[in-house]
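Chemist: One structure, pasted below without further comment.
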Amino acid sequence: MALVKAGVVVLDCAEPEKLAVFYKELLEAEETDATANRVEIRGTDGFRLAFRRDVNATPPSWPRPENSLQAHIDFVVEDLDAVERKVVELGGRPLDTKDAAGPFEERGYADPAGHSFTVRLVTPTAPKQG
């Protein structure tokens, strides 16, 4: 029998309620738990995210090195352009817009609190380059 039953990715942020709304809308998820300092959601595929209040939270500055990326989330999607429109509509922003013409296999964004995430058409099979 496994000792660990489940895992949850937890993002620290100043306003967990607002960040939870962003991801609930993006993932079409439901709120499963909320306290004064933490909100948890679950997507339709069972993916769980939580947002914990940290009044001293500093957004990652990726790709700048002074407060670089510590971790990020990858989401598999069917339509990169549709997801990008939704991310921007919800208050997120593109992180890497150089050479943005045409379709790509993946795109990077930041949520309203500055956490980075990637949307990709397929699960990667090759190691990260660079």
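Chemist: Going residue by residue through the range 57-66, is there one that turns out to be under 21 Å from V8 (Cβ atoms), at pLDDT 90 or above and either of a type outside the set (A, V, I, L, M) or touching a helix residue (DSSP H, G or I) at 6+ places or on another chain (Cβ under 8 Å) (or both)?
Modeler: no
Chemist: Can you pull out every residue in the range 27-41 that is under 24 Å from V55 (Cα atoms) and among the hydrophobic types (A, V, I, L, M, F, W, C)?
Modeler: The answer is A34, A36, V39, I41.
Chemist: Moving to a separate point now. Looking at (1) closer than 22 Å to T118 by Cβ; (2) at pLDDT below 95, which one does V21 not meet, given that it meets all the others?
Modeler: It fails just one condition, (2).
Chemist: Every residue in the range 13-54 that is part of a strand (DSSP E or B), crowded, with 16+ Cβ neighbours inside 10 Å and not basic (K, R), please.
Modeler: C13, V39, E40, I41, L49, A50, F51
The values are calculated or read from the model by the stated rules, or taken from the named source; none is laboratory data. Values in this document were obtained by computation on a predicted structure and should not be read as measured data. Every residue, glycine among them, receives a Cβ derived from its backbone with ideal geometry; neighbour counts consider all protein chains shown.
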